[in-house]
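Below is one structure, written out as structure tokens, with a few remarks after it.
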Amino acid sequence: MSDERRATGRSRTPWPRRRVRFGLAVLGFGGAAVFSHFWLGESWSDVLWLAIALIVVWTAAQEVVQARGRRHGRRQER
């Protein structure tokens, strides 16, 4: 008996994709925060709060897009 997840290379749960998406957001917005601190002279607390807010908003927006895509896909199958 074979495991379907290994055969297709994809997990059925959305958590691995969420972790990768969150990691990319942390890298991108964290890098922008460091750039903003060193290049523009903003305080660390300001740039970290901005980075955290952008990560939360971007991750939530991606979840909404994914949910909308799943709903649209189900509607097309019918």
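Listed by first and then second residue, the pairs with beta-carbon distance under 8 Å, at least 6 apart or on different chains, first residue in the range 31-53 and loosely packed, with under 12 Cβ neighbours inside 10 Å, second part of a helix (DSSP H, G or I), are S43/H37; W44/H37. Annotation: of all residues in the range 22-54 being under 30 Å from R70 (Cα atoms) and β-branched (V, I, T), the one that is modelled with the highest pLDDT is I52. Screening R19, R5, R10 for residues that are modelled with pLDDT of 85 or more, surrounded by 10 or more Cβ atoms within 10 Å (Cβ to Cβ) and basic (K, R) leaves exactly one candidate, R19. For the criterion of being assigned to a helix (DSSP H, G or I), closer than 23 Å to L24 by Cα and modelled with pLDDT of 90 or more, V65 fails.
The values are calculated or read from the model by the stated rules, or taken from the named source; none is laboratory data. All of these numbers come straight from a predicted model, not from anything done at the bench. Counting neighbours? That spans all protein chains shown, and the Cβs are built from the backbone with ideal geometry, glycine included.
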